[in-house]
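Visitor: Just passing along the structure, written as structure tokens.
The numbers here are math on the coordinates, done by the rules we state, and not lab data. The structure displayed is predicted, hence computed values, not measured ones. Cβ: placed from backbone, ideal geometry, glycine included. Neighbour counts: every protein chain shown.
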Number of protein chains: 2
Amino acid sequence: MEEVHIYCPATIANISCGFDVLGVALDNVGDEMTVRRIPERTIRITRIEGQDLPLATEQNVAGVAGMALLKAAEYDGGFEVEIIKKIKPGSGIGSSAASSAGAVWAMNHLLNSPFSPLQLVQFAMEGEKLASDVAHADNVAPALFGGFTLVRSYHPLDIISIPVPQELFASVIHPQIEIKTSDSRKILKTTIPMETAIQQWGNVGGLIAGLFLEDYDLIGRSLEDHIVEPIRSILIPGFDRTKQAALSEGALGSGISGSGPSIYAFSRGRAMAEKVGLAMKAIYEDIGLEHDLHVSPINIQGIKIIR
Amino acid sequence: MEEVHIYCPATIANISCGFDVLGVALDNVGDEMTVRRIPERTIRITRIEGQDLPLATEQNVAGVAGMALLKAAEYDGGFEVEIIKKIKPGSGIGSSAASSAGAVWAMNHLLNSPFSPLQLVQFAMEGEKLASDVAHADNVAPALFGGFTLVRSYHPLDIISIPVPQELFASVIHPQIEIKTSDSRKILKTTIPMETAIQQWGNVGGLIAGLFLEDYDLIGRSLEDHIVEPIRSILIPGFDRTKQAALSEGALGSGISGSGPSIYAFSRGRAMAEKVGLAMKAIYEDIGLEHDLHVSPINIQGIKIIR
């Protein structure tokens, strides 16, 4: 095979209690990419549509992630990459992760899969490092594996797939303000009270159990974050009202997507997720802030071939 | 029914990563209790065998827990309690929890179960408060529910039952030194590094997932504690050697049981758990410290009627 055209899902990282460890993939928000083999041993980004992003390999997350793979591959050619960018950079739903993960997934596919999913996560993390100074895996893991993923450990890298309850839907609203991941990381405290940490890992346990049990109430009860949300939400105008609107409408839970500014809510069933999305949207219409709304099933498969 | 005779399981709380939230019940280490209805509206502890513990109702955890239930019950009589104490107080395997939980479970049973399991946990927590100044639930919950339990939240109290992999066995060694729960709590830090907390909730997620998936390797990998064990283990002579001996022998993981001094290990299969137990025992024989060894299946049922 010489060329592949793929869908790269947007992802919600952190998911309230699961700061830096949990993430989930979305099924109808994502980038498209075309990756093809070329004879030269290099990565060439030939086209980016939809966003103004650098084409230079070493300045582009797909380029950097791809180079990490290429270095490890027994292959004397290279790849050409086209990106149709539908996820806005800086939105907090894994824009850089989609490009990084998509690039390495497609390249691996075109080489007949010499690398394991875990190796692909490691290559894609190089792209994340370029984007936010931190080689985190909580967006690239769900983009590559699909569904919910838990990054249990970084040293060694250990990623666990968590089952997805069938009726779970996500509503994500993206108020169009800019927050850099690196900035939103700087404002976090480096130490936290033991008491609060215990609450947090109780909720992580509850959320994982809720996902296995398909217990929607338990999922909702566990979507609490006493550590990061109280600090980061200050950077997101309308956060409290939007979260409250989602919960009042019947969402299971709501919080910051990634490092923001997007706000996610989980709901049981598509109809509820649509209603919740509209309630969240109404807040930003009231505030008068430009925004995008996505309502999506959970993506189970991860990156997929479109043609 | 006028009288009931029950088995009250010993329990391992914390389970490495799950400080203050996780616990599990054991099937062949536990107290026995006889509880009978009496016409007077009071709790009377009439006999304690095996240990020298106070008979006065308000000084005995079973008495205090029982009084909490009695206050809430529409019943104009009371109860008489006999305890055959097989779990040594201060051993770190839920001695006070077994008595507290056993008392309220039996009383509820004799009144035709007017109270929910969650209410029983709350009554039993009053006994825990007497024993250690803190009304914790991580021993009484598994004693009452059986299997693994997660205390997701205290306010409101929310307890989740986690499935038990069939081949999981526990080895517990109790080196006979005294550590008071209240003392071992005082030495803990009240703030912890964010980085370490993230590792901890990654492991809690991994352990819960491992239990659902019956993935013994994942269970083992998740049995890490970077927060409490490094501090509390200093109080337990021979801890590092004993843990290492358990792991070298083939245990999935090992750590402090409750607030110590007991050390637990989980193994796959009874034969391995026996071998691991003997390896742990050999360390205390070498040190020359008196000790008890328990090798036990996981108790699934919680408290049970013997006759």
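Visitor: Shortest first and in nm to one decimal, what separations exist between A:I306 and its copies in the other chains, measuring from label points 7 Å along the Cα-to-beta-carbon line?
Guide: So the distances to the same position in the other copies read 6.9 nm.
Visitor: Stick to the Cα atoms of region A:3-162, pair each with every other, and give me the Kirkwood hydrodynamic radius in Å at one decimal.
Guide: Values: mean 1/r = 0.0664 Å⁻¹.
That comes to 15.1 Å for region A:3-162.
Visitor: Based on the Cα gyration tensor of the protein assembly as shown, what are the three equivalent ellipsoid semi-axes, each the root of five times an eigenvalue, rounded to whole Å and given largest first? Each step should come with its number before you reach the end.
Guide: Values: eigenvalues 505, 152, 70 Å².
After diagonalising the Cα gyration tensor, the semi-axes are 50, 28, 19 Å.
Visitor: Placing the label point 7 Å from Cα along the Cα-to-Cβ direction, what are the distances from A:R185 to the equivalent spots in the other copies, shortest first, in nm to one decimal?
Guide: 3.7
Visitor: Follow-up. Give the residues of region A:256-280 whose amide nitrogen is closer than 15 Å to a point set 7 Å from the Cα of A:S248 in the direction of its Cβ.
Guide: Label zone hits: A:276-280.
Visitor: If R0 is 35 Å, what FRET efficiency do you get for B:D52 and B:T191 from their C-beta distance, rounded to 0.05?
Guide: For B:D52 and B:T191, the calculated efficiency is 0.35.
Visitor: So what's the angle, to the nearest 10 degrees on a 0 to 90 scale, between helix B:117-132 and the longest Cα principal axis of chain B?
Guide: It is inclined by approximately 80 degrees.
Visitor: Defining the label point at 7 Å along Cα→Cβ, can you sort the distances from A:D215 to the same site in each other copy, shortest first, in nm?
Guide: Counterpart label points of A:D215 in the remaining copies fall at 2.0 nm.
Visitor: A further question on this structure: Please say if region B:193-307 is rounded, prolate or oblate, where rounded means a/c under 1.5 for a ≥ b ≥ c the square roots of the C-alpha gyration tensor eigenvalues, and otherwise the choice is prolate for a/b larger than b/c and oblate otherwise?
Guide: It is oblate, given that a/c is not under 1.5 and a/b is not larger than b/c.
Visitor: For helix B:95-110, what angle does its Cα long axis make with the longest principal axis of chain B, in degrees from 0 to 90 and rounded to 10?
Guide: 40 degrees
Visitor: Sticking with this one: What number, in percent, do you get for the relative contact order of region A:168-297 if the mean sequence gap of Cα pairs under 8 Å and at least 6 apart is divided by its residue count?
Guide: For region A:168-297, the relative contact order is 41 percent.
Visitor: What average number of partner chain Cβ atoms lie no more than 10 Å from the Cβ of the residues making up B:152-165?
Guide: Whole-number average of other-chain Cβ neighbours for B:152-165 is 4.
Visitor: Mean separation of Cα pairs under 8 Å and 6+ residues apart, divided by the residue count of chain B: what relative contact order is that in percent?
Guide: On the way: 747 pairs, mean separation 75.2, N = 307.
It comes to 24 percent, rounded to a whole number.
Visitor: In peptide B:183-196, what is the residue-averaged number of other protein chain Cβ atoms found within 10 Å of each Cβ?
Guide: Per residue, the number of nearby Cβ atoms from other chains is 3 on average.
Visitor: From the Cα gyration tensor of region B:149-196, with a ≥ b ≥ c the square roots of its eigenvalues, which class applies: rounded if a/c is under 1.5, or else prolate if a/b is larger than b/c, or else oblate?
Guide: oblate
Visitor: Which value, in nm² and rounded to one decimal, describes the direction-averaged projected area of the C-alpha convex hull of chain A?
Guide: 14.7 nm²
Visitor: On a 31 Å Cα-Cα criterion, which of the cross-link pairs A:K71/B:K243; B:K86/B:K281; B:K129/B:K275; B:K129/B:K189 come out too long?
Guide: A:K71/B:K243; B:K129/B:K275
Visitor: Continuing with this model, one more query. Quick one: give the max-minus-min coordinate of the C-alpha atoms of region A:135-268 along each principal axis, largest first, in Å.
Guide: Sorted largest first, the three principal extents are 40, 35, 33 Å.
Visitor: log10 I(q)/I(0), Debye, Cα-only region B:264-307, no solvent, q = 0.23, 0.26 Å⁻¹?
Guide: The Debye formula, applied to the Cα set alone, gives -0.82, -0.91.
Visitor: Ok, one more. Counting pairs of alpha carbon atoms under 8 Å apart in space and at least six apart in sequence, what relative contact order in percent does region A:200-247 give?
Guide: 30 percent.
Visitor: Could you calculate the contour length gain from B:Q301 to B:D133, that is, 0.36 nm times the residue separation minus the distance between their Cα atoms, to one decimal place in nm?
Guide: Length difference between fully extended and current span is 57.7 nm.
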